[in-house]
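**Q** Below is the structure I would like to discuss, written out as structure tokens.
Since every read-out is calculated from the coordinates, none of them should be taken as a lab result. In this text, all values refer to a predicted model and were calculated from it rather than measured experimentally. Glycine also receives a Cβ, built like all others from the backbone with ideal geometry; neighbour counts cover every protein chain displayed.
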Amino acid sequence: MDYIFYRLYRMYEKHGDPPYLSAVIHLCYSLGISLIIAFFAIKEWYDMQHKYAWFLEGLYSLCFLLVPLCLLIIYCCVRYRKKKILELKKKYQGCTRNKLISNWMIFCIPIYIAIIGILIFRKLFIA
């Protein structure tokens, strides 16, 4: 996660956007896609088992999505301070992964997550 945060931070910094905020929002977006897919998969599984999932109804379903996102934001605020960001810059400055993995690949992580999640969902529940 450190490397992904570093690459997002560096990418947004080069484009003149606020790098810290943009990197955290991008990570939250990626987690949000995963949570939505997991939500529908869990809901479908409970429907197939003919069981009632109280935590997937009403406001609880909103908490199912918002609590992990808030925890990720708090985690990023605690973990990635200026000192840690400088350490990450030193650590990954000349890394060979920077040449192998281009910025557009890092930027497309939410798309990869969505495609893989949909494929897994289709394989498990729509067969």
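**Q** Once the Cα gyration tensor of the stretch 2-125 is found, what semi-axes does its equivalent ellipsoid get, as square roots of 5 times the eigenvalues, in whole Å, sorted largest first?
**A** 33, 18, 10
**Q** Given the DSSP H assignment, sum -39500 (n - 2.57) over each helix run of at least 4 residues in the chain and divide by its residue total; what's the result at 222 nm in deg cm²/dmol, nearest 500?
**A** The helix-only estimate for the chain comes to -26000 deg cm²/dmol at 222 nm.
**Q** About the Cα centre, and with charges only on the beta carbon of Lys, Arg (+1) and Asp, Glu (-1), how big is the dipole of the stretch 1-55? Nearest 20 debye, please.
**A** About 40 debye.
**Q** From the C-alpha coordinates alone, can you work out the Kirkwood hydrodynamic radius of the stretch 4-74, in Å?
**A** Evaluated on the stretch 4-74, it is 13.8 Å.
**Q** Compare the peptides 18-29, 97-108 by average per-residue count of other Cβ atoms within 10 angstrom and give them in order, highest first.
**A** Packing order, densest peptide first, comes out as 18-29, 97-108.
**Q** Where nothing but the Cβ of Lys and Arg (+1) and of Asp and Glu (-1) is charged, how large is the charge dipole of the stretch 53-127 around its Cα centre, in debye to the nearest 20?
**A** Using Cβ point charges on Lys, Arg, Asp and Glu, the stretch 53-127 gives about 700 debye.
**Q** Using Cα positions and a limit of under 15 Å, work out the aspartates and glutamates in reach of LYS82, with same-chain residues fewer than 8 apart set aside.
**A** Once the sequence-local aspartates and glutamates are set aside, what remains near LYS82 is ASP2, GLU13.
**Q** Select from HIS50, ALA38, MET1 the residue farthest towards the positive end of the dipole of the chain; place +1 on Cβ of Lys and Arg, -1 on Cβ of Asp and Glu, and compute about the Cα centre.
**A** So the residue we want is MET1.
**Q** Can you tell me the relative contact order of the chain? Whole percent, Cα pairs under 8 Å, sequence separation 6 or more.
**A** Relative contact order here is 38 percent.
**Q** Report, to two decimal places, the Cα Rg of the stretch 51-120 normalised by 2.2 N^0.38 Å (N = number of residues).
**A** Computed over Cα atoms of the stretch 51-120, the ratio equals 1.62.
**Q** Order of HIS15, HIS50 from fewest to most other C-beta atoms within 10 Å?
**A** HIS50, HIS15
**Q** Near MET105, within a Cβ-to-Cβ distance under 13 Å, what is the net charge of the other residues, with Lys and Arg +1 and Asp and Glu -1?
**A** Net of charged neighbours comes to +3.
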